[in-house]
Amino acid sequence: MVVILVLVVIIVQANINVVNDPKKIRVACMKDSITDDHFSNYPSLLQNMLGDNYEVESFGIMGATVLFDTYWPYVYQTEFFEVKKFLPDIAVIMLGTNDARPDNFGSIQNFVQDYTKIIKQIQMLESKPKIFVVKPPPIFENIVELAPENFSEEIIPRIEEVANSQNLEIIDVYSLMENHPEYLIDGVHPNTEGAGVIASQVYDAIVGSS
């Protein structure tokens, strides 16, 4: 009899714990390598800022592009399918940097339609995530063949066009870092300070919209 009572108490307590354990808000950071673990990982900083009520996951891939007809289109990578399985409540998309490479840039006329298709696939998820579109950090002089003028003159305006056409909030990291090359290790990849700027901007957007 005592054993039965103990089991009942344990079961009841377990149920109470389940009820009191709030569902974590899942945040998917969709990105390329400019903020991955090899340099400085803004999603881990964002996790620390948001706290235990959030689950932040990084879905980044080196060399990934918005454009579909390049060597590494994000839409065809495993990470994109993992985002869908994750069923995020919030999706933070920061892509477009690698599209500035001359060998990727040839089909820039498809950028808006390809980015819109990526967004549409995320919008169709069962979790109906809130989507933020990030204007990535600027590109300065670099040795990884990314053209600053392609990025500033052609890609950034198209990112704005996509976000505005889909009525999505823009997180403008580009403008904040435009005059701060010291935030980047090699003219492209943010250092720890740069990653902190990105994480803070994303944090403010998420908290401000909640």
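Just so you know, all these numbers are worked out from the coordinates, no wet-lab data involved. What you are looking at is a predicted structure, and each value in this text was computed from that prediction instead of being measured. Cβ placement follows ideal geometry from the backbone for every residue including glycine, while neighbour counts extend to all protein chains displayed.
Whole-Hz Karplus values for segment 59-75 come out as 10, x, 9, 4, x, 5, 10, 6, 4, 7, 9, 10, 5, 9, x, 4, 4 Hz, taken residue by residue from phi with 6.51 cos²θ - 1.76 cosθ + 1.60 and θ = phi - 60°; glycine and proline positions read x. When the charge dipole of the chain is built from unit charges on Cβ atoms (+1 for Lys and Arg, -1 for Asp and Glu) and taken about the Cα centre, the candidate among Phe81, Ile108, Met177 whose Cα reaches farthest toward its positive end is Phe81. Ranking of Val112, Val66 by neighbouring Cβ atoms within 10 Å, starting from the fewest: Val112, Val66. Based on DSSP H segments of at least four residues, each scored -39500 (n - 2.57), the chain has a per-residue ellipticity at 222 nm of -12500 deg cm²/dmol. Only beta bridges with both residues in segment 23-209 are counted; by DSSP, about 5 percent of them are antiparallel. Out of all Cα-Cα pairs in segment 23-209, roughly what percent, to the nearest whole number, are more than 27 Å apart? Across segment 23-209, Cα pairs with separations above 27 Å total 19 percent.
At full extension, Asp69 and Gln121 could sit 16.9 nm farther apart than now, given 0.36 nm per residue minus the alpha carbon distance. As a proxy for reagent exposure, Leu168, Leu45 were ordered by neighbouring Cβ count within 10 angstrom, fewest first; the result is Leu168, Leu45. Under 5 Å between amide hydrogens, built in the peptide plane, is the criterion, and for Gln77 it picks out nothing among residues at least 5 positions away or on other chains.
Our coupling estimate for segment 180-186, obtained by passing each phi through the Karplus curve with A = 6.51, B = -1.76, C = 1.60 and θ = phi - 60°, is 10, x, 5, 7, 10, 5, 10 Hz, Gly and Pro reported as x. Straight Cα distances below 16 angstrom link Lys31 to the aspartates and glutamates Glu57, Glu79, Glu82, Asp99, Asp114, Asp172, with same-chain residues fewer than 8 positions distant left out. Model label sites at Leu87 and Glu160, defined 7 Å from Cα along the beta-carbon direction, differ in position by 3.8 nm. Residues whose amide H falls under 5 Å from that of Ile131, counting only those 5 or more places apart or on a different chain, are Ala91, with hydrogens built in the peptide plane.
Remark: for residue pairs Lys24/Lys117; Lys23/Lys130; Lys85/Lys117; Lys84/Lys117, the C-alpha separation exceeds 24 Å in Lys24/Lys117.
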